[in-house]
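Inspection log for the structure reproduced underneath, given as C-alpha cells.
The values are calculated or read from the model by the stated rules, or taken from the named source; none is laboratory data. Note that the structure is predicted; figures quoted are calculated from it, not measured. Please note: Cβ atoms are built from the backbone with ideal geometry, for glycine as well, and neighbour counts cover all protein chains shown. Areas reflect the complete protein model, heavy atoms only, side chains present, ligands, DNA and RNA absent. Shrake-Rupley method; radii C 1.70, N 1.55, O 1.52, S 1.80 Å.
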Amino acid sequence: MDSNRRKSGINLPAGMSETSLRLNTGVGSPSPLIRTMSSPSPRTMSPRTISNLSSSPLSKSGGAVSDRFIPCRSSSRLHAFGLSDKGSCGSPSSGKEGGNSEVYSRLLRCELFGSDFGSFGNAGGTKGGGSGSGGSPCGSPNRNILRFKTDNSGLGSSGSGLPSPYSGSILGMDNGVGLENVTPPKPPRKVPKTPHKVLDAPSLQDDFYLNLVDWSSQNVLAVGLGSCVYLWTATTSKVTKLCDLGPNDGVCSVQWTKEGSYISVGTSAGKVQVWDGTQCKKVRTMGGHQTRTGVLAWSSRILSSGSRDRNILQHDLRVPSDYISKLVGHKSEVCGLKWSHDDRELASGGNDNQLLVWNQHSTQPLLKLTEHTAAVKAIAWSPHQSNLLVSGGGTADRCIRFWNTANGNQLNHVDTGSQVCNLAWSKNVNELVSTHGYSQNQIMVWKYPTLSKVATLTGHSMRVLYLAMSPDGQTIVTGAGDETLRFWNVFPSVKSPAVKDTGLWSLGRTQIR
C-alpha cells in the first residue's frame, strides 16, 4: 500500500485507496464531484499532486467540458466596450509614431465612434508602444478592455456620450451649433374670450330639438324667429325677411343647400318648404310628416327631413312626389341629421338615445350605435378623415363620442360635464367646437385627436342650442334662449399652399408665404 502511494505521488491517508478519490465528469451522475474520504484526518497535498489531478483524463462516458466562451465577433458591438485594434501586434502602424496614416485613422475613429473611442486607441497604441517607451503594446494590455460604455443619446456638447449625429463640427463637437438651438415649441393659439359681434334675436325659441340657425356658403345667415325666417347678409349687415308662415304655424328648422342659393324650411305642421334665397321666392312645398319637422340636411341632390313622428323622409326636387323614400329606425323624435361630405352616408340622432348610420341606397340602418344615454342632437362628420363621425349626448349623457363608421367602433370619448347641444368640425384645422346647455352654457374648442381643450368661451345666459359656421371657417355664430346671436373668432384661417419660386436662383425650392 505504501509503495503504491509513493508511485502515484499522492499522499493518501491510511486505509484509503487511490480509486476512492476521483473526479466525476458525468453530466447525469448523481454522485458528488469528490467522493467522501474514509479517513477523518486528511493530509495536505503537494503541488505535484494537484497537477496530477488537473491533468487526469476525462471519463469516456462524459461529454467534453470547457470553461472557455468564444463570442461571435461579427455581431458584437465592440465599440460599446471600448475595444480597439489600434495596438494589435499585427498592425503595420504599431511601431510608427506621428505618421499621416495614424493621424487620419485617429481622426476617423473620433468622428465615427466619439472622442472616448479615440482615447482608447491612443492608450493601447501610443502609451504602450513607440520608441520612447520601453514596453511593447502587446505586453501591456489595455486597462479599458471590457469596460462597458453607456450609449448616451443626449447632446454631444454635454461631454459624456457619443456626439450628436447632427453636429455642426467635423470633429464631432457641437460648438453651439447642434440640437441645443432647436426651435422652441409653438405657443398655444390664443382664442378671443369675448364675441366680436352680438345681435338681438327676439322670439328665438329655447327648444333643444329645433335647428333654427344656418350660415350659407354665400355668407348669408338664416334665422328662424317665431313664424318668420330672416336673412342677415354678413358683408353688409342687411336684414331681409324671407317668409312668414302665419299665426297657425311656426319655423322649426332651416338649412341651406351646399351652393347657398336655396334654403329649406321645416314647419310645425310637418311641411318642408324650399325657397330661393336670392329672390325670396318659394319654390316648392312638400308634405309627408305628421308632426313638426325639427331637422333638415342637404346632400348634393337629396333633402332629408326628420320629424317628431320618428321618421326620416328623403326628398328629391327633380321628381313630383313629396318624398322618394322613408327611413324608419328611430323610436322617438329625430333631432339630428348630417350627410357625410361624400354624400354616401347619412347619420341620424334621436330622442331614443340612438345614433344611426344609413346608406344612400338602403332603407335600413347600416349601424346602430347605442352608447349614448341621452338624446343625440349634435352630429358632425370630419372633413379631414373619411368615416370619422362625432356625436354628442344630452343632459344625462354629456359625452362626445368619436366613431369609425367603417366598422362601427368607438374610437374615443370625453365627458364634457354638461349637455352637448351642437358640434361642428373646422375645415381649416383638425379641431372641433361644441356648444353646451345644462349646466354651464359654455362653448368649447377641442383639438383632435388629443382632445385637449383649446378654449372655453362663456357669455350666453341660457343653453347654447344653435350653432353655425362662416364660409371661411374662422367664425362661428351661436344662438341661445337668451335671444341673442353671438359671433366668435375661434379658428385660424386656412393655411396658404407652398408657392414655388421661379427665380433664377430658386433651384426648385419652395417657400410658404
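Report yes if V283 is over 23 Å from G393 (Cβ atoms), open to solvent by 10 Å² or more (accessible area, probe 1.4 Å), of a type in the set (A, V, I, L, M, F, W, C) and assigned to a strand (DSSP E or B), otherwise no. Criteria met by V283. Is it the case, given these coordinates, that L346 is within 21 Å of Q314 (Cβ to Cβ), in a strand (DSSP E or B) and in contact with a strand residue (DSSP E or B) (Cβ under 8 Å, 6 or more places away or on another chain)? Against the criterion (within 21 Å of Q314 (Cβ to Cβ), in a strand (DSSP E or B) and in contact with a strand residue (DSSP E or B) (Cβ under 8 Å, 6 or more places away or on another chain)), L346 qualifies.
Looking across region 437-486, the residues that are polar (S, T, N, Q), open to solvent by less than 40 Å² (accessible area, probe 1.4 Å) and closer than 16 Å to C399 by Cα come down to N441, Q442. Within region 478-496, at least one residue is under 28 Å from the mean Cα position of the chain (by Cα), farther than 19 Å from G224 by Cα and without any contact (Cβ under 8 Å) to a residue 40 or more places away in the chain.
Among the residues of region 258-273, some residue qualifies, meaning at least one is within 17 Å of K338 (Cβ to Cβ), in a loop (DSSP other than H, G, I, E, B) and not aromatic (F, W, Y). When the residues of region 376-430 are narrowed to those that are charged (D, E, K, R) and touching a Cys at 6+ places or on another chain (Cβ under 8 Å), which ends up least open to solvent (accessible area, probe 1.4 Å)? Across region 376-430, the extreme among qualifying residues is K377.
Among the residues making up region 267-280, those that are open to solvent by 10 Å² or more (accessible area, probe 1.4 Å) and either acidic (D, E) or touching a strand residue (DSSP E or B) at 6+ places or on another chain (Cβ under 7 Å) (or both) are S268, K271, Q273, W275, D276, G277, C280.
What are the residues in region 330-361 that are open to solvent by 20 Å² or more (accessible area, probe 1.4 Å) and more than 15 Å from A378 (Cβ to Cβ), if any? Within region 330-361, K331, S332, W339, H341, D342, D343, R344, E345, D352, N359, Q360, H361 meet the criteria. Within region 295-322, the set of residues being open to solvent by 20 Å² or more (accessible area, probe 1.4 Å) and of a type outside the set (F, W, Y) comprises S300, R301, R308, D309, R310, N311, L317, R318, V319, P320, S321, D322.
One line per residue, one yes/no per condition, for (1) modelled with pLDDT under 95; (2) touching a Cys at 6+ places or on another chain (Cβ under 7 Å); (3) more than 23 Å from L465 (Cα to Cα):
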residue	(1), (2), (3)
C252	no, no, no
T267	no, yes, no
M286	no, no, yes
H289	no, no, yes
R292	no, yes, no
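Going by the conditions given, is L411 farther than 30 Å from V198 by Cβ and modelled with pLDDT under 95? No, not satisfied.
What about D207, is it open to solvent by 30 Å² or more (accessible area, probe 1.4 Å) and modelled with pLDDT of 95 or more? In short, yes.
Among the residues of region 254-266, those identified as hydroxyl-bearing (S, T, Y) and surrounded by fewer than 21 Cβ atoms within 10 Å (Cβ to Cβ) are T257, S261, Y262.
For region 285-338, residues that are within 25 Å of K241 (Cβ to Cβ) and touching a His at 6+ places or on another chain (Cβ under 9 Å) total 3. With respect to V239, is the statement that it is at pLDDT 95 or above, open to solvent by 30 Å² or more (accessible area, probe 1.4 Å), among the hydrophobic types (A, V, I, L, M, F, W, C) and assigned to a strand (DSSP E or B) true? For V239, the condition - at pLDDT 95 or above, open to solvent by 30 Å² or more (accessible area, probe 1.4 Å), among the hydrophobic types (A, V, I, L, M, F, W, C) and assigned to a strand (DSSP E or B) - is met.
Filtering region 347-385 to residues that are modelled with pLDDT of 95 or more and of a type in the set (G, A, S) leaves A347, S348, G349, G350, A374, A375, A378, A380, S382.
Summed over region 210-226, residues that are in a loop (DSSP other than H, G, I, E, B) and open to solvent by less than 30 Å² (accessible area, probe 1.4 Å) total 4.
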